[in-house]
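Colleague: To start, I am sharing the structure in question, which I have written as structure tokens.
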Amino acid sequence: MKTKTVFACQSCGYQSPKWLGRCPDCGTWNSFAEEAPMQELSKPRERSALYKEEPVLIKDVKIKEDSRLKTGNTELDRVLGGGIVSGSVILIGGDPGVGKSTIALQVSNQLSLKGHTVLYISGEESVHQTTLRARRLGEVSEDGKLYIVNQTDLSLIMEYIKKIKPEVVIIDSIQVIFEPTISSSPGSVSQVRECSAMLTQLAKTAGISVFIIGHVTKEGAIAGPRVLEHIVDTVLYFEGDRFSVYRILRAVKNRFGSTNEIGVFEMTSAGLKEVKNPSEIFLSEKPKDVSGSVVTSLIEGTRPLLVEIQALVSKSSFGYALRRTEGFDQNRLNLLVAVLEKRMGLHLEAEDIFVNVAGGIKVADPAADLAVILAISSAFSDRLIIEDTLFLGEVGLAGEIRSISSANIRINEAQKLGFKCCVLPKNIFKNLKPGKEAIELIPVSTLSEAQEVALRR
């Protein structure tokens, strides 16, 4: 009897009886791969018995006050919303070499040192290799309960979990794990979707926290169907170049906390090291007496971050001027350049403009608008910005400086780092409550006022 096969899109999971060049669902080209349909299970009742759970009244459910498990890593706990929630499934994605396996093994070490039982499933490294890496990253407790195993068969992994009964399970990585009842190869849509669903169901019924490490595609998305991100509770992405020292861990989805928090780490020979004061790190290499360098403050969750905005304006050698950004929205830059040309009378149509956010931070906060505009103006006129000054404000199309949120928090952070002055929107000036040793506050309402204050004579 001939076995029937289907073609599945490796990006979204859409299935077709024949190969297609372009997926009609997500529009991805050359993403179809041949797969065999899932075989019928011989004993479906035995499999469902693992997840059997009776309905209960919500009023009878008892919630533990200390329901979060502290990892010992303050930056990771911050991003997770205060710690690991029992029974949660956390997906960690990022470029190769960025630190996904490193942070997972560090967390495993720290939890075992606290007396928690952890099972580390390494599908890509042998037990010997994983042990060598664990000892390099930190102390391995002689009395700790950190179990490691090299296994890719999900049915055997389930047996290990039932036998050991760990509090935390690490899956490294989901793309190499396979379910024997599915004939398609590991990493395919069917395998990733089914394995993730089974691990999630086990986590919910048994109260086990599961970390899943996922590879990313060349576009930067986690490999496999998008349904993988919908199944899990939390999705964490590592940002930053693998050749850079600093890494930023950001929550894209979090059912048990905010998605605005970020964690900052420094990659060292002993693993990922927490950065306690990111603002000081990002400003440590700020150049002196150079035009086009302005400092602003961003709000990431509850944390203020001071970052340096750099701009370079040079005469275009071609007929079309270039506009390039790193860490700042390209469309927002075009809008701000248009405001500079129309409201301030700057002739930038024949100038190449480059904007960079130092430190690898991605800026989405509108409070950085004023800093970007002043950096471009400073670079164009080759005039320096006044020293030790923070610039805050959203810029409107009429050239007005609009209000921002959390101004007190931003100003206090600048004061701690030794800033002596802050230029901010006039509308929020009267509502501020400066401290005893407050820095000088300069309110402005238009771009012309801000430029007159900012640029040195």
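The values are calculated or read from the model by the stated rules, or taken from the named source; none is laboratory data. This structure is a prediction, so every number in the text was calculated from the model and none was measured. Quick reminder, even Gly has a Cβ in these numbers, built from the backbone with ideal geometry, and neighbours come from all protein chains shown. Please note that ligands, DNA and RNA were not included when accessible areas were found on the heavy atoms of the full protein model with its side chains. Shrake-Rupley method; radii C 1.70, N 1.55, O 1.52, S 1.80 Å.
Colleague: So what is log10(I(q)/I(0)) for region 226-374 at q = 0.11, 0.14, 0.19 1/Å, when the Debye sum runs over its Cα atoms only?
Modeller: For region 226-374 at q = 0.11, 0.14, 0.19 Å⁻¹, log10 I(q)/I(0) is -0.52, -0.79, -1.19.
Colleague: Straight-line reach from Lys286: which aspartates and glutamates have a Cα under 14 Å away, not including same-chain ones fewer than 8 places off?
Modeller: Reachable aspartates and glutamates: Glu308, Glu387, Asp388.
Colleague: May I ask you to list the trypsin sites (Lys or Arg not before Pro) in region 262-327 that are in a DSSP loop and have at most 15 other Cβ atoms within 10 Å of their Cβ?
Modeller: Passing sites in region 262-327 are Lys276, Lys288.
Colleague: Can you give the % of DSSP beta bridges in the chain that are antiparallel, to the nearest 5?
Modeller: Counting DSSP beta bridges with both partners in the chain, the antiparallel share is about 55 percent.
Colleague: Rounded to two decimals, what is Rg over Rh for region 97-140 when you use alpha-carbon atoms and the Kirkwood radius?
Modeller: Dividing the radius of gyration by the Kirkwood radius yields 0.93.
Colleague: Now for a separate question. Give the cysteines in the chain for which no other Cys Cβ lies under 4.7 Å away, or write none if there are none.
Modeller: Isolated Cys, the chain: Cys195, Cys421, Cys422.
Colleague: Using a 1.4 Å probe on the protein chains only, how many percent of the accessible area of region 271-327 belongs to carbon and sulfur?
Modeller: 51 percent
Colleague: What 222 nm value per residue comes from the helices of the chain, counting each DSSP H run with n ≥ 4 as -39,500 (n - 2.57) and dividing by all residues, nearest 500 deg cm²/dmol?
Modeller: -8000 deg cm²/dmol
Colleague: For region 306-457, what number results from the quotient of the Cα radius of gyration and 2.2 N^0.38 Å?
Modeller: After normalising by residue count via 2.2 N^0.38 Å, the value is 1.03.
Colleague: Based on the mean of other Cβ atoms within 10 Å per residue, sort peptides 107-113, 382-388, 209-215, 399-405 so the most packed one is first.
Modeller: 209-215, 107-113, 399-405, 382-388
Colleague: Can you pick out the pairs among Lys70/Lys253; Lys62/Lys276; Lys70/Lys204; Lys276/Lys430; Lys70/Lys288 whose Cα atoms lie more than 30 Å from each other?
Modeller: Cα-Cα > 30 Å for Lys62/Lys276; Lys276/Lys430; Lys70/Lys288; rest within.
Colleague: Quick one, which of [x] 82, 48, 42; [y] 82, 55, 48; [z] 62, 57, 51 is the actual Cα extents along the principal axes in Å calculated for this model?
Modeller: Of the listed options [x] 82, 48, 42; [y] 82, 55, 48; [z] 62, 57, 51, [y] comes from this structure.
Colleague: For Lys162, what accessible surface area do you get with a 1.4 Å probe? Give it in Å², rounded to 10.
Modeller: Counting only protein heavy atoms, Lys162 exposes about 120 Å² to solvent.
Colleague: Please give the helix 407-416 orientation as an angle from the longest Cα principal axis of the chain, in degrees from 0 to 90, rounded to the nearest 10.
Modeller: 80 degrees
Colleague: Alpha carbon centre of region 84-154 versus region 291-343: separation in Å?
Modeller: Measuring centre to centre over Cα atoms gives 41 Å.
Colleague: Ranked from highest to lowest mean number of other Cβ atoms within 10 Å per residue, what is the order of the peptides 326-332, 356-362, 21-27?
Modeller: Result, highest mean Cβ count within 10 Å first: 356-362, 326-332, 21-27.
Colleague: If you line up the long axis of helix 100-113 against the longest principal axis of the chain, both from Cα atoms, how many degrees apart are they, to the nearest 10?
Modeller: 70 degrees
Colleague: Relative to the longest principal axis of the C-alpha atoms of the chain, give the angle of the C-alpha long axis of helix 127-137, reported between 0 and 90° and rounded to the nearest 10°.
Modeller: Its long axis makes an angle of about 30 degrees.
Colleague: Using the heavy atoms of the protein chains and a 1.4 angstrom probe, tell me the accessible area per residue for region 127-170 in square angstrom.
Modeller: Each residue of region 127-170 exposes 62 Å² on average to a 1.4 Å probe.
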